[in-house]
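K.L.:
This structure is in structure tokens; I'll ask about it shortly.
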Amino acid sequence: LLTKMEGLVVNTNTGKSTKLKSYYAYWEKRAFEALEKMVTSNLSNFNAQLQSKMLFSVDAMLSPPDIIVNPPYNELFKHLMQSVRGCIESTKNFTRWMSGTCLEVP
């Protein structure tokens, strides 16, 4: 889309016109801010869900001197962290641009 705009404005389609350097920087910043807002919003919603409703159940049995929990704590922690990491890892599909261009960093 930006290279098409470049074609209309400066009659080139290289993605690295020096005349549009600040335009590319503006849109890269806007894309980054949108990603940041998406991740922050998703993590906030996830946190709210954890605090407001039951997402899973845990059985606990007292077997002196131990307390047996099913599923084990480490399994719950693993799945919760997997959800958080998945949200953050999804942003890796969006690459940075080379400075002053709208071309992806190799």
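K.L.:
Karplus couplings for the range 30-41 from phi (6.51 cos²θ - 1.76 cosθ + 1.60, θ = phi - 60°), rounded to Hz, Gly and Pro as x?
P.N.:
Taking θ as phi minus 60°, the curve returns 4, 5, 4, 5, 5, 5, 4, 5, 4, 5, 4, 5 Hz for the range 30-41.
K.L.:
Just to confirm, what accessible area per residue do you get for the chain at 1.4 Å probe, in whole Å²?
P.N.:
82 Å²
K.L.:
Apply the Karplus parameterisation 6.51 cos²θ - 1.76 cosθ + 1.60, with θ equal to phi minus 60°, to every residue of the range 91-99 and state each ³J(HN,Hα) to the nearest whole Hz, in sequence, with x for glycine and proline.
P.N.:
Coupling constants for the range 91-99: 6, 5, 6, 9, 9, 6, 9, 5, 4 Hz.
K.L.:
Something else now. Residue by residue, what Karplus-based ³J(HN,Hα) values in Hz, rounded to whole numbers, does the range 6-11 have, using 6.51, -1.76 and 1.60 with θ = phi - 60° and x for Gly and Pro?
P.N.:
4, x, 6, 7, 10, 6
K.L.:
On to the next question. Please list the non-local residues whose amide H lies under 5 Å from the amide H of Trp97, H modeled 1.01 Å from N, same-chain partners needing a gap of 5 or more.
P.N.:
Excluding prolines and chain starts, which carry no amide H, the hits are Val105.
K.L.:
Using protein chains only and a probe of 1.4 angstrom, how many square angstrom of Phe32 are accessible, to the nearest 10?
P.N.:
For Phe32, solvent-accessible area is about 130 Å².
K.L.:
Taking all protein chains together and a probe of 1.4 Å, list Arg85, Arg96, Arg30 from the most accessible to the least accessible.
P.N.:
Arg96, Arg85, Arg30
K.L.:
Return, ordered by residue number, the residues of the range 86-106 whose backbone nitrogen is under 19 Å from a label point located 7 Å along Cα→Cβ of Val10.
P.N.:
Those under the cut-off are 97-105.
K.L.:
For the chain, which whole-number percentage of the solvent-accessible area (1.4 Å probe, protein heavy atoms only) is attributable to carbon and sulfur atoms?
P.N.:
Details: 5110 of 8670 Å².
Carbon and sulfur atoms account for 59 percent of the accessible area of the chain.
K.L.:
Turning to a different aspect of this structure: Stretch Ser99-Leu80 to full length: gain in nm at 0.36 nm per residue minus the Cα-Cα span?
P.N.:
On the way: separation 19, 0.36 × 19 = 6.84 nm, distance 3.67 nm.
Value of the extension gain: 3.2 nm.
K.L.:
Follow-up question, since we're still on this one. Please work out which option in (1) 78, 28, 16; (2) 37, 30, 20; (3) 86, 36, 17 gives Cα extents along the principal axes in Å calculated from these coordinates, and answer with its label.
P.N.:
Computed from these coordinates, Cα extents along the principal axes in Å corresponds to label (1).
K.L.:
Can you tell which of Asn74, Leu1, Val105 lies farthest toward the positive end of the dipole of the chain, using +1 and -1 charges on the Cβ of basic and acidic side chains (Lys, Arg; Asp, Glu)?
P.N.:
It is Leu1, whose Cα lies furthest towards the positive end.
The values are calculated or read from the model by the stated rules, or taken from the named source; none is laboratory data. Everything quoted here is computed from the prediction, not taken from an experiment. Positions of Cβ are generated from backbone atoms using ideal geometry, with glycine treated the same way; all protein chains shown enter the neighbour counts. Keep in mind that these areas ignore ligands, DNA and RNA; they rest on the heavy atoms of the full protein, side chains included. Shrake-Rupley method; radii C 1.70, N 1.55, O 1.52, S 1.80 Å.
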